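J.: One structure, as structure tokens, below. Some questions next.
The values are calculated or read from the model by the stated rules, or taken from the named source; none is laboratory data. As the structure is a computational prediction, the values presented were derived from the model and not from experiment. Cβ coordinates were reconstructed from backbone atoms using ideal geometry, including for glycine residues, and neighbour counts include every protein chain displayed. Note: areas computed on protein heavy atoms with side chains; ligands, DNA, RNA excluded. Shrake-Rupley method; radii C 1.70, N 1.55, O 1.52, S 1.80 Å.
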4 protein chains.
Amino acid sequence: MNFCSDNRYGVHPSIMEAIIAANARLTDESYCHDEGAREAEAALSAVFEKPVKAFFVLNGTGANSLALSAICPGHGGIICHEGAHISTDECNCPELFTGGAKLLTVSGAGNKITPAVMAAKLAQFVHGEHGAKPSALSLSQATELGTVYTPDEIKALSAAAHKAGMKVHMDGARFANALVWLGCTPAEMTWKSGVDVLSFGGTKNGAMILEMVVFFDEALAADFLYRRKRAGQLLSKGRYLSAQLLAYLKGGLWLENAGHSNSLAAEIAAALEGVRGVRLAAPVEANELFPILPRRLFEALQKEGAEFYEWPLDGLKPDEACARLVTSFATPRAHVEKFCALVKRLGN
Amino acid sequence: MNFCSDNRYGVHPSIMEAIIAANARLTDESYCHDEGAREAEAALSAVFEKPVKAFFVLNGTGANSLALSAICPGHGGIICHEGAHISTDECNCPELFTGGAKLLTVSGAGNKITPAVMAAKLAQFVHGEHGAKPSALSLSQATELGTVYTPDEIKALSAAAHKAGMKVHMDGARFANALVWLGCTPAEMTWKSGVDVLSFGGTKNGAMILEMVVFFDEALAADFLYRRKRAGQLLSKGRYLSAQLLAYLKGGLWLENAGHSNSLAAEIAAALEGVRGVRLAAPVEANELFPILPRRLFEALQKEGAEFYEWPLDGLKPDEACARLVTSFATPRAHVEKFCALVKRLGN
Amino acid sequence: MNFCSDNRYGVHPSIMEAIIAANARLTDESYCHDEGAREAEAALSAVFEKPVKAFFVLNGTGANSLALSAICPGHGGIICHEGAHISTDECNCPELFTGGAKLLTVSGAGNKITPAVMAAKLAQFVHGEHGAKPSALSLSQATELGTVYTPDEIKALSAAAHKAGMKVHMDGARFANALVWLGCTPAEMTWKSGVDVLSFGGTKNGAMILEMVVFFDEALAADFLYRRKRAGQLLSKGRYLSAQLLAYLKGGLWLENAGHSNSLAAEIAAALEGVRGVRLAAPVEANELFPILPRRLFEALQKEGAEFYEWPLDGLKPDEACARLVTSFATPRAHVEKFCALVKRLGN
Amino acid sequence: MNFCSDNRYGVHPSIMEAIIAANARLTDESYCHDEGAREAEAALSAVFEKPVKAFFVLNGTGANSLALSAICPGHGGIICHEGAHISTDECNCPELFTGGAKLLTVSGAGNKITPAVMAAKLAQFVHGEHGAKPSALSLSQATELGTVYTPDEIKALSAAAHKAGMKVHMDGARFANALVWLGCTPAEMTWKSGVDVLSFGGTKNGAMILEMVVFFDEALAADFLYRRKRAGQLLSKGRYLSAQLLAYLKGGLWLENAGHSNSLAAEIAAALEGVRGVRLAAPVEANELFPILPRRLFEALQKEGAEFYEWPLDGLKPDEACARLVTSFATPRAHVEKFCALVKRLGN
């Protein structure tokens, strides 16, 4: 019963097969200039209903930091939620790749930014060069607290950002999970709502290494080949990356995988409902849950073999603890059922 | 007949099997804190006959740039050959990861640095803070021109570097090829000759993604976990990296692979010998050859299906061209034989 | 009646005379290697009752950012108040000079950090390389809200920082103002309380360009000559800087100047006391005041010729405004008296 | 007899008077937003016969590095002579401010770049993202070897640079000396010959701190206020900078000062002519001379009280030494006459 993270689980068999198949070719173009890279870009253009510029990179931190480097100068500022991955979990990579840009963090329920909060932050930066120049807005979709922005919410934030002369980045490490929750199209969740550049992640959803930077505005992609190379994010044997992307999209595997993990999360959420002393720190909209539990229950569950992390959260009572539970494309349904049964048995 | 680069070829079957096997585990620790990472470090410690600190990174550029960032500050200088990969083929990644260190390039036959040349370079930096502070020496083993430093040569350079207060880095993107040529031990080629930190590469020699930063001095590895993360060089599903390393070393596969490619290169060198108008730009000591050919022959070979790049070289006659031929672990011997036959037929 | 900033005022006559005198020498050593630079270091060693390493730089932003670069790596974090100058008024210079370190901002009354707040922040960084590595604590003395840390407060914070493996920086842009308020020795306010490196500022207190980085631990100053040069903070005609420092210290001019501006601030504070609807955002301990006024009074004062800025502050009533008033070594007492009279006349 | 450097000498009396006069104003706008800064920009626009955007910075290293940061990204390359100040004497500041751009150094007689040499360098960078992206050409006018590019030479280089998609920077630390030598207009030496951005230096020619970044293309100046601030190159008490610029230009003082130092250099050159065993490393066109002397003479001159540095130069005979002699606006003519007499007496 491992709910520690979706990246604890491995690679989906179909993707592994694609990797193996890619190995059958004796030689291939290197440095992501292979035919597969072109097919990948075309496939994503189809997915997004628009010609995109798409680049393979090596991990989510690289994708986010590189995407931001294309839209924010070293003297710029990036508005993001204080709980955003770029703020809490990428060491100082965004700062490194952008040349020293500052993260302008804001707070907000469910790890979501609101237009009001963003406006208040921007109001602090009206005195010119003494502060950073607000240049980018970064939204996590799904957020690190398992919530999802609606297209309308994204639209409102993007419009405000663009009005302030900023560009909009979306951290889509769990892009598919958000998409499945919303039931909208990839286009609606991104460029139709104002997103300029996307970190498109597949690693957490069944791939081995699958992270791409996707530009909806070609002009922003100028020099990105150089950016990727100088940031150490270019792989020589690129065929193994393009193979993953193509397999990931094929037959809707990505949505199927996300559907699986989302449904398991919903199942756990349902089991938690009504258990005495249990409440959720945020609504469950993707594949992460943050239940606040009586510490007694928290520990009992771990003792019974459920693996998960404690999540730091302000405002808890002394005898409470917040758990972070993540489901994945490969989490066995049986594990979830066992966990739900445990919750019911131990929680009441 | 593809001699463009060793990274055009794929992954050795044994390594692919190890990757597949790693996928059999339902869950594993992420972020290179898995049991495999510890086994990898132990295996390398055995290989080097000394406890080492070894870290998986994501490519050769990342390995070199990160290794250098651990031994050279932003105000420092790195002595390297003007033909070194860090100078010619890593865009500005060494500069980025070190915070702006300057490459202090020197010239030298066979892309090798000599103590005299290094001393002359250092003599330019005796005026204090107006210039960069020479802090690191970086040696490519094998070099980008297919030559190999002997342990004695490394010793002499390292001693001079250490005396000048510098640390020594070895770019071992083709470490195994150099090792096989020399027939010495990994220890003799590195720390016993004064190397402080090594980029240990396996990607060009049959792996998918296998690059490690190996410290022979534990003190230099302090904070390297942070360095790796902030440079975007940390993979979440680390099990697929450790699996490669273990398979790469197992049963001497790495040496076997390098032996194959080295022997093919030697075979081609032998075929070129005595062909009219042909000479080598550098002795063939690893898996790369740089023959200077009559341009007529150069073009005829390509026309017959041999794929390779032209190499820029000063001092050629107008009707000459320098070819770069690289053999790999998977280059079919038949291709080499065909190429050698072509050389003989077309060259005389 | 200009209370906009202390840097709106010019240079004290004694300092200007010293600059003129320095010009009398036909030639002098350049690049801050002049005899005056050595005298300056000796003079500061006497002031601090300890041999210090002291370096002229070119402005407060340069001093702070360079000082921090000596104690915080690119993957590090710097704990500071959210209202600290390094956070709000130095664009991204700290990020640039440190190579991308992150400011870990905290809140606190009077712009002061407390040990409890710092401990809570540090508790967020216990998960290793995914976040920045907390490496430095930066305290402003006096703070940007005109308050002053007592030596005991500094001691408590420094002890906690050192225990956590961090170094302590003090931003002393208004060092003299804080010192005069406390009435303690420079040593007590710095190294005896645990400060490792100080930005010693004189520009705001009567100099033209007088900012120094002062190390109390010589080991931290290693390579600082290189750091200063590569950051563009080295002046060629250094004699004009050392002349200022020596004149600034001579006969206690620095304390006299600070005494003047502090006393004027106190005078204004006294005049504001008891005025209907007026309260202070923070106690007045140096040469800055932040009175919250009825907006009507705020505007009336400006209309009568008082120049000052509005200060953004949360939690004000709709008809209130917070003013920022700064007094300087050269603010005429008559201006203050006029202002106080205005306050009394208009405020009641 | 101090010929060590022009920055060993102080400040011209007229400039000092302007500084003193600026101090007479009780208050002034700070952060280079004063009326004087606007006057300075207007004055330079008149000098250059074109509206320019001009920014005060704090030293030559800052001016060059900031100017380059506006025209070269972190993944870019800057073509410059291997003897350029940005390469040899600014530690790694250009790398820092640009975010890690690489200096692509070339050689050439008299420290001058030729179109052929530049073309050969550019030919190395045709393989895309593996190398830096050539983005800027930097010319020193006058060069560090005391030579001067003619407008036609600048035109040819600029045209080639622009054709290759690069921008052109001129390091004018000794701008006035070059201008006086050429006898052309400032416009002819800069934008009319294709220069995009200029480091306009006055410190070496009689000012205290006078370095400006001057943009001939307004679009390149976008965000430069932020760039200057985040690089720590913004002075709070800007009035002392604008005062210098205005005094420097007033009545042609800058040209008069440069005329003085140039004529003294020419005088020394004339005295050296015909002295046995003496030759010049480069023609004397500004205020620097690099005579190659018999070492005996070199030492005899120093023994007699002439102060100057030895200059590293390849290809000297064992008993030769190259001296670097710099004259300044304030070098007494009597010192030059004494030196010339010494040369004649000791040299023959």
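J.: Take B:Q233 and decide whether it is within 30 Å of C:S135 (Cα to Cα) and in contact (Cβ under 8 Å) with a residue 12 or more places away in the chain.
T.: yes
J.: Within the range D:24-43, take every residue that is part of a loop (DSSP other than H, G, I, E, B) and in contact (Cβ under 8 Å) with a residue 60 or more places away in the chain and give me the one that is farthest from D:L241 (Cα to Cα).
T.: D:R25
J.: Follow-up question, since we're still on this one. Counting only residues that are within 17 Å of B:T150 (Cβ to Cβ) and either charged (D, E, K, R) or free of Cβ contacts under 8 Å to residues at least 60 places away in the same chain (or both), how many does the range B:111-126 have?
T.: Total meeting the criteria: 7.
J.: Can you give me the number of residues within the range C:159-169 that are buried (at least 24 other Cβ atoms within 10 Å of the Cβ) and either of a type in the set (S, T, Y) or touching a helix residue (DSSP H, G or I) at 6+ places or on another chain (Cβ under 8 Å) (or both)?
T.: 4
J.: Just checking, how many residues over the range D:58-73 are more than 10 Å from every other protein chain (Cβ to nearest Cβ) and open to solvent by 10 Å² or more (accessible area, probe 1.4 Å)?
T.: Qualifying residue count for the region: 2.
J.: Which residues, counting only those in the range A:170-197, are open to solvent by less than 40 Å² (accessible area, probe 1.4 Å) and free of Cβ contacts under 8 Å to residues at least 60 places away in the same chain?
T.: Within the range A:170-197, A:M170, A:G172, A:F175, A:C184, A:M189, A:S193, A:G194, A:V195 meet the criteria.
J.: Mind counting the residues in the range D:214-239 that are more than 11 Å from chain C (Cβ to nearest Cβ) and of a type in the set (A, V, I, L, M)?
T.: Number satisfying all stated conditions: 5.
J.: Scan the range A:230-240 for residues that are open to solvent by less than 10 Å² (accessible area, probe 1.4 Å) and farther than 27 Å from A:R25 by Cα and jot them down.
T.: Passing the criteria: only A:A231.
J.: Output the residues belonging to the range C:163-176 that are more than 14 Å from chain D (Cβ to nearest Cβ), under 17 Å from the mean Cα position of the chain (by Cα) and aliphatic (A, V, I, L, M).
T.: Listed by number, the residues that qualify are C:V168, C:M170, C:A176.
J.: Identify the residue in the range B:1-48 that is acidic (D, E) and more than 11 Å from chain A (Cβ to nearest Cβ) and, among all such residues, is surrounded by the most Cβ atoms within 10 Å (Cβ to Cβ).
T.: That would be B:E41.
J.: I'm checking my understanding of the structure. Among residues of the range D:99-128 that are polar (S, T, N, Q) and not in a helix (DSSP H, G or I), which one is surrounded by the most Cβ atoms within 10 Å (Cβ to Cβ)?
T.: D:T105
J.: Looking at the structure I just gave you, is B:N64 over 22 Å from B:A247 (Cβ atoms) and either in contact (Cβ under 8 Å) with a residue 40 or more places away in the chain or assigned by TED's automatic domain parsing to the domain that holds B:L234 (or both)?
T.: For B:N64, the condition - over 22 Å from B:A247 (Cβ atoms) and either in contact (Cβ under 8 Å) with a residue 40 or more places away in the chain or assigned by TED's automatic domain parsing to the domain that holds B:L234 (or both) - is met.
One line per residue, one yes/no per condition, for (1) under 13 Å from the mean Cα position of the chain (by Cα); (2) closer than 24 Å to B:E95 by Cβ; (3) outside the structural domain of D:P51 (by TED's automatic domain parsing):
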| site | (1), (2), (3) |
| --- | --- |
| D:V117 | no, yes, no |
| D:H130 | no, yes, no |
| D:L139 | yes, yes, no |
| D:E144 | yes, yes, no |
| D:E153 | no, no, no |
| D:A178 | yes, no, no |
| D:G194 | no, no, no |
| D:F200 | yes, no, no |
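J.: Whether any residue in the range D:128-136 is touching a His at 6+ places or on another chain (Cβ under 9 Å), among the basic types (K, R) and closer than 28 Å to B:H130 by Cβ is what I want to check.
T.: yes
J.: Right, next: Here are some residues: C:A243, C:A282, C:A265. Which one is in the same structural domain as C:N59 (by TED's automatic domain parsing), among the aliphatic types (A, V, I, L, M) and either out of contact with any His (no Cβ under 7 Å at 6 or more places or on another chain) or surrounded by 15 or more Cβ atoms within 10 Å (Cβ to Cβ) (or both)?
T.: Among C:A243, C:A282, C:A265, only C:A243 is in the same structural domain as C:N59 (by TED's automatic domain parsing), among the aliphatic types (A, V, I, L, M) and either out of contact with any His (no Cβ under 7 Å at 6 or more places or on another chain) or surrounded by 15 or more Cβ atoms within 10 Å (Cβ to Cβ) (or both).
J.: Which condition breaks for D:K102 when tested against (1) more than 10 Å from every other protein chain (Cβ to nearest Cβ); (2) touching an Asp or Glu at 6+ places or on another chain (Cβ under 7 Å)?
T.: (1)
J.: Further question on the same structure: For the range D:125-161, which positions are within 14 Å of another protein chain (Cβ to nearest Cβ), closer than 30 Å to D:W311 by Cα and among the acidic types (D, E)?
T.: Residue satisfying the conditions is D:E144 alone.
J.: Hey, does the range A:217-229 have a residue that's open to solvent by less than 30 Å² (accessible area, probe 1.4 Å), of a type in the set (A, V, I, L, M) and within 30 Å of A:C340 (Cβ to Cβ)?
T.: No: the range A:217-229 contains no residue that is open to solvent by less than 30 Å² (accessible area, probe 1.4 Å), of a type in the set (A, V, I, L, M) and within 30 Å of A:C340 (Cβ to Cβ).
J.: On the basis of being modelled with pLDDT of 95 or more, within 14 Å of B:L246 (Cβ to Cβ), assigned by TED's automatic domain parsing to the domain that holds B:K133 and hydroxyl-bearing (S, T, Y), does B:S69 make the cut?
T.: Criteria not met by B:S69.
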